[in-house]
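One structure is given here, and the rest of the page talks about it.
The values are calculated or read from the model by the stated rules, or taken from the named source; none is laboratory data. From a predicted model like this one, the values you see are computed outputs, not experimental measurements. Because the Cβ atoms are built from the backbone with ideal geometry, glycine has one as well, and the counts that use them run over all protein chains shown. Surface areas here come from the heavy atoms of the whole protein model, side chains and all, with no ligands, DNA or RNA. Shrake-Rupley method; radii C 1.70, N 1.55, O 1.52, S 1.80 Å.
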Amino acid sequence: MTYDLLLAGGDVIDPGGGHIGRYDVAVRGGRIAAVAPSLSRDGVREVVDARGKLVTPGLVDMHTHVHPAATYWGIDPDPIAWYSGVTTWVDAGSAGAYTLDSLRAAACGFRVRVAALLNISAVGLTAADGELRELANCDVDLAVATIAANRDLVCGVKVRMDGKTIGGNGLEPLRRALVVASAAGVPVMVHIGVAPPTVDEVLRLLRPGDIVTHCASGLASGMRRSPASGAGSGTAGGLASAVVEAHAAGVLFDIGHGSGGFAFDVIEAQLKAGVVPHTISSDLHARCLYGPVFDLPTTMAKLLAVGMPLDQVIAAVTVNPARALGLPGGIGTLAVGAPADIAVFTVEDAEVELVDAHQHRRYADRRLVNEATYVAGRPLPAQLPAPPKPWIPLTEAQRSALRLRTERVRDLLTTPLVGPDGLAEQFPRRTSA
Ligand SMILES: [Zn+2]
């Protein structure tokens with residue numbers, strides 16, 4: 001029994017599959033065939049030397065927006081996946097019942113895997129916000145039926161609870177999302193932001209296993225203990241006690257960085273109070289792709305910078321999101337029989353400057369640089385993203401960086417690989433003839 005691919009001698013961190021240490025990882029037929037300290041090279045089609053590299057399961061980004069050409073926020077994941085190691089992209093509510101079919105069609109064209117959280121609003125994230133201002137769009141029966149008919153794609157319900165999105169509808173969209181999720185047997189992912197409602201109003205309604213994204217938001221109202229409140233309402237690090245209690249009760253905390261959902265001082269207060277995020281997601285979309293998020297490994301570096309250990313960070317982008325959403329077949333692990341989704345990184349030991357959504361800076365002493373990303377045992381090819389859409393606001397610095405990149409890529413791809421001296425005479429001629 002031989003293998004299609006053998007990643008040899010890498011430093012494996014696979015918390016879900018139980019492999020931590022130096023291993024060979026073998027792939028056959030698009031699946032993990034074996035993981036062992038030393039596997040036979042006999043007849044292996046391709047051996048890749050992974051010594052000195054970090055090898056992990058393909059990353060699972062639990063909060064992304066990958067419905068381009070149909071929504072304000074959407075991006076194509078493939079041009080980012082190949083250099084970031086993210087092989088499963090969970091779309092967090094881009095599509096509702098009216099638009100899920102078109103998300104499915106888009107996902108069929110991607111090389112990466114897509115799972116979806118169905119927006120409780122049937123119109124999803126077509127526009128920048130406001131999808132819950134009209135309660136007629138939050139049709140419980142329709143959402144339940146849509147999930148039942150799309151259980152291969154949908155693994156949860158998404159609801160954005162902030163003032164701009166809900167208008168005057170209070171907690172009703174969240175209540176409806178919870179009814180749908182209970183009926184479908186899936187979790188709710190709730191986005192928190194600027195009130196109304198406040199964070200404690202939201203958290204009080206969540207069940208164990210439900211997910212609060214933007215969990216370290218600097219904008220969400222009621223995350224910190226208010227100075228005026230009594231002694232019982234706060235905890236170490238100045239967090240509101242509702243936050244600590246929800247975490248202890250089994251509500252899952254997800255980073256969901258995005259353009260406004262992550263603040264260093266909030267995550268630091270949470271870690272001090274023992275409120276460790278279960279999952280690290282990027283909330284990558286068209287407005288944060290060129291900063292401050294860039295990609296999931298950059299978000300992971302921010303959690304390393306505030307002191308989360310590397311193996312915990314890896315778990316939070318592999319097995320933890322896979323379990324939270326009940327993703328099938330061993331996704332997020334290197335268990336034998338799981339899809340051969342694999343990421344290979346160099347761990348760069350160098351100081352890296354990082355910013356949160358509010359341009360506050362922290363420094364990490366290392367970061368992961370992706371070297372290769374495999375989906376079902378095949379490496380993703382390099383690919384450039386499409387230019388940003390005209391409604392995406394960018395600074396002049398972002399625009400000129402994009403122009404510079406285009407020039408460099410053009411230069412790289414149009415410069416001949418070798419000069420005339422590097423060529424062989426392809427059809428040798430006898431000069432005397
Ligand atoms: Zn989002």
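Could you list which residues have their amide H under 5 Å from that of T318, counting only those 5 or more apart in sequence or on another chain, with H placed in the peptide plane?
Hits under the 5 Å cutoff: V60.
Relative to the present Cα-Cα distance, how much length would full extension add between E425 and V336 at 0.36 nm per residue of separation?
Result: 27.2 nm gained on full extension.
Which whole number in µm²/s is D for the range 54-211 by Stokes-Einstein, with the Kirkwood Rh taken over Cα pairs at 20 °C and 1.002 mPa s?
The Stokes-Einstein estimate is 137 µm²/s.
Which residue, W82, W73, W391, tops the fluctuation ranking in a GNM of the chain built on C-alpha contacts under 10 Å?
W391
Could you tell me the calculated FRET efficiency between H358 and V47, based on Cβ-Cβ distance and R0 = 41 angstrom, to the nearest 0.05?
That gives a FRET efficiency of 0.30.
Mind ordering 255-267, 144-156 by average Cβ neighbours within 10 Å, highest first?
Those peptides, ordered most packed to least, come out 255-267, 144-156.
For the range 321-433, how big is Rg over Rh, using alpha carbon atoms and the Kirkwood form of Rh?
Using Cα coordinates only, the ratio equals 1.14.
Sort 361-369, 316-324 for me by packing, meaning the mean count of neighbouring Cβ atoms within 10 Å per residue, highest on top.
Packing order, densest peptide first, comes out as 316-324, 361-369.
Which number do you get for Rg(Cα) / (2.2 N^0.38 Å) in the range 165-305? If you can, show how the numbers build up before the last one.
Numbers: Rg = 14.8 Å, N = 141, 2.2 N^0.38 = 14.4 Å.
The value comes to 1.03.
When the Cα atoms of the range 346-410 are enclosed in a convex hull and the volume is divided per residue, what value in Å³ results?
Dividing the Cα hull volume of the range 346-410 by its residue count gives 165 Å³.
Could you sort 126-133, 183-190 so that the peptide with the highest average Cβ count within 10 Å comes first and the rest follow in order? Spell out each step's value before the answer.
Values: 126-133: 17.6, 183-190: 21.0.
In decreasing order of mean packing, 126-133, 183-190 become 183-190, 126-133.
Per DSSP H run of at least 4 residues, take -39500 (n - 2.57); add these up for the chain, divide by its residues and hand me the 222 nm value, nearest 500 deg cm²/dmol.
Computed ellipticity for the chain at 222 nm equals -6500 deg cm²/dmol.
Report the Stokes-Einstein translational diffusion coefficient (µm² s⁻¹, integer) for the chain, Rh taken as the Kirkwood radius over Cα pairs, at 20 °C with viscosity 1.002 mPa s. Don't skip to the answer; put the middle values down first.
Values: Rh = 22.7 Å.
The calculation lands on 94 µm²/s.
With the other protein chains left in place, how much accessible area per residue, in square angstrom, belongs to the chain at a 1.4 angstrom probe? Walk me through the intermediate numbers first.
Working: 18880 Å² over 433 residues.
Normalised by residue count, the accessible surface of the chain is 44 Å².
Once you have the alpha carbon radius of gyration of the range 103-149, what is it after dividing by 2.2 N^0.38 Å, with N set to its residue count?
1.30
How far is helix 296-305 tilted off the main Cα axis of the chain, in degrees rounded to 10, range 0 to 90?
70
Round to a whole number: what % of the accessible area of the chain belongs to carbon and sulfur, probe 1.4 Å? Let's see the in-between values first.
Values: 10130 of 18880 Å².
Ligands and nucleic acids excluded, carbon and sulfur reach 54 percent.
With the cut-off at 1.5 for a/c, could you classify the range 46-142 from its C-alpha gyration tensor as rounded, prolate or oblate?
It comes out prolate by the Cα gyration axes.
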